[in-house]
Amino acid sequence: MARLAAVPATLITLVCLVACSSDPQTDRAAAPESPSANASRTPQSPAPQTSKTGSPSPETPARAPRADIDAVRPATAMAAVRHLAGDVGPRPGTSPAFHRAADWVEQRLFTLGWQVRRQAFHTPGGVSWGVPVPAGRSVNLVATRGDVRPGRPWLAVGAHLDTVPQAPGAEDNASGVGVLLTVAEAVADARTRLPVVLVAFGSEEPRGPGDDDHHFGSRAFVSELGVAERRTLRGMVSLDRVGVGAVLPVSSAREPDALRAQLLAAARRANVPVDPQTNNRASDHWSFVRTGLPGVRLGSTPYAGYHSAGDVPAVVNRDQLERTARTVVAWLGGR
Ligand SMILES: [Zn+2]
């Protein structure tokens with residue numbers, strides 16, 4: 001903590017968020033001088049250093065009730081799907097529509113009691129699902145409850161907020177962002193087995209054919225993790241297309257996969273039927289796994305409106321959003 005020792009606690013809270021889980025010596029994400037770690041925020045946003053409980057640097061209270069799958073409110077997820085796909089519409093990762101969507105999600109997370117850091121990053125231009133898209137700035141929204149600590153284990157749940165240019169992206173991936181917000185609501189004041197970081201990723205969708213031509217936001221997030229943050233991450237779950245079907249795909253990139261086994265056990269506790277899959281590298285969990293970190297994906301059931309103008313809120317099923325959110329909350333709350 002040498003570099004941060006003389007800094008007031010409130011400022012540490014501002015600067016750290018997720019970044020404080022790493023050694024300052026190796027922690028690029030926490031470094032105030034790091035250009036890509038700017039905690040830039042919208043002017044209308046409330047101050048990030050307090051939760052809705054008003055405590056300046058809140059630990060999750062020791063006596064808070066354990067995260068409860070029955071606290072899941074699928075209406076929260078459906079409202080996000082309707083707003084993002086119905087009102088905002090197509091939102092490629094560098095587009096004005098994407099940034100409007102990011103402002104909205106940031107405000108929702110604040111309202112639910114989470115502290116949010118903006119992690120800006122560059123996305124190259126390219127061809128996204130047949131349509132040229134320009135280079136530009138995108139952003140990840142990184143939310144915590146203020147309980148992530150240096151060198152202590154933590155968990156991450158993420159969902160990409162961007163779409164391909166031709167799709168309003170109800171299932172891909174307002175569904176994932178909706179479940180992310182539902183989880184944020186369900187565990188805001190509850191005890192989880194480890195501190196949790198929620199991330200709405202920018203620029204997941206492909207801008208070319210190669211493995212380096214997609215997942216730009218999650219790769220930026222992973223690349224800015226310090227050594228201690230990498231060492232203490234116990235699992236990342238990507239929510240990507242989680243509102244179609246009646247069975248929840250639980251996918252790993254490789255097999256066997258201990259984290260996938262954890263999610264399958266959580267689904268069992270939540271009484272959610274699952275479809276275990278492997279060899280899935282098509283979402284943000286792959287940015288973690290490809291660098292040696294634990295990551296799995298929930299979702300991916302095929303549907304007719306995929307990457308088209310037909311990806312509208314009507315394709316998303318409220319019950320499937322609920323199944324997904326209950327599985328995540330069971331995982332976060334499990335012992
Ligand atoms: Zn997707």
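The values are calculated or read from the model by the stated rules, or taken from the named source; none is laboratory data. Being a predicted model, the structure only gives us computed values, none of them experimental. Positions of Cβ are generated from backbone atoms using ideal geometry, with glycine treated the same way; all protein chains shown enter the neighbour counts. SASA here: full protein model, heavy atoms, side chains in, ligands and nucleic acids out. Shrake-Rupley method; radii C 1.70, N 1.55, O 1.52, S 1.80 Å.
Quick one: if you stick a label point 7 Å off each Cα along the C-beta vector at Asn271 and Arg152, how many nm between them?
Simple spin-label model gives 3.4 nm for this pair.
Residues with amide H under 5 Å of Val197's amide H, sequence separation 5 or more or different chain, H placed in the peptide plane at 1.01 Å from N; which?
Leu155, Ala156, Val157
Per-residue HN-Hα couplings for region 203-213, Karplus 6.51 cos²θ - 1.76 cosθ + 1.60 at θ = phi - 60°, whole Hz, x for Gly and Pro?
6, 7, 5, x, 10, x, x, x, 6, 9, 9
Mind jotting down the three principal axis lengths of region 146-196 based on Cα atoms? Whole angstrom, largest first.
42, 22, 14
According to the square roots a ≥ b ≥ c of the eigenvalues of the Cα gyration tensor, what is the shape class of region 171-296, taking rounded for a/c under 1.5, prolate for a/b larger than b/c otherwise, and oblate for the remainder?
Note, shape of region 171-296 comes out rounded.
With a 1.4 Å probe and all protein chains left in place, how much accessible area per residue does region 200-309 have, in Å²?
That works out to 36 Å² per residue.
What is the spin-label model distance, in nm, from Arg63 to Leu194 if the labels are put 7 Å beyond Cα along the C-beta direction?
Modelled inter-label distance: 2.8 nm.
Work out, step by step, the length gained on full extension between Ala261 and Asp70: first 0.36 nm times the residue separation, then minus their alpha carbon distance; give nm to one decimal.
Fully extending the segment from Ala261 to Asp70 adds 66.5 nm.
Just how much of Asp70 is accessible, in Å², when a 1.4 Å probe is used and the result is rounded to the nearest 10?
Spelled out: Asp70, probe radius 1.4 Å, area about 110 Å².
For region 184-335, build the charge dipole from Cβ charges (+1 Lys, Arg; -1 Asp, Glu) around the Cα centre, then report which of Pro313, Ser300, Val329 sits farthest towards its positive end.
Positive-most Cα among the choices belongs to Val329.
Can you order the peptides 139-147, 218-226 by their average number of other Cβ atoms within 10 Å per residue, highest first?
139-147, 218-226
How many nm separate the modelled label positions at Ser308 and Arg290, each set 7 Å beyond the Cα in the direction of the Cβ?
So the two model labels end up 2.8 nm from each other.
Would you work out what percent of the accessible area of region 107-231, with all protein chains in place, is carbon or sulfur (probe 1.4 Å)?
57 percent
With a 1.4 Å probe and every protein chain kept in, tell me what percent of the accessible surface of region 293-335 is carbon plus sulfur.
Ligands and nucleic acids excluded, carbon and sulfur give 53 percent.
Thr163's amide H: which non-local residues (gap 5+, or another chain) put their own amide H closer than 5 Å, with H modeled 1.01 Å from N in plane and none for Pro or chain starts?
Placed amide hydrogens put Arg91, Gly93 under 5 Å from Thr163.
Which whole-Hz couplings ³J(HN,Hα) result when phi for each residue of region 214-221 is put into the Karplus expression 6.51 cos²θ - 1.76 cosθ + 1.60, θ = phi - 60°, listed in order with x for Gly and Pro?
Using θ = phi - 60°, the values come out as 8, 6, 5, x, 5, 5, 4, 4 Hz.
Two decimals is fine: what's Rg over Rh for region 286-335, C-alpha atoms, Kirkwood radius as Rh?
Ratio of gyration radius to Kirkwood radius: 1.08.
Semi-axes of the equivalent ellipsoid of region 96-160: what are they in whole Å, largest first, if each equals the square root of 5 times a C-alpha gyration tensor eigenvalue?
Working through the eigenvalues yields semi-axes of 28, 15, 10 Å.
Can you tell me the accessible area per residue over region 65-115, all protein chains present, probe 1.4 angstrom, in square angstrom?
For region 65-115, the solvent-accessible area averages 37 Å² per residue.
If the chain between Asp103 and Arg231 were fully stretched, how many nm would it gain, using 0.36 nm times the residue separation less the Cα-Cα distance?
Result: 42.9 nm gained on full extension.
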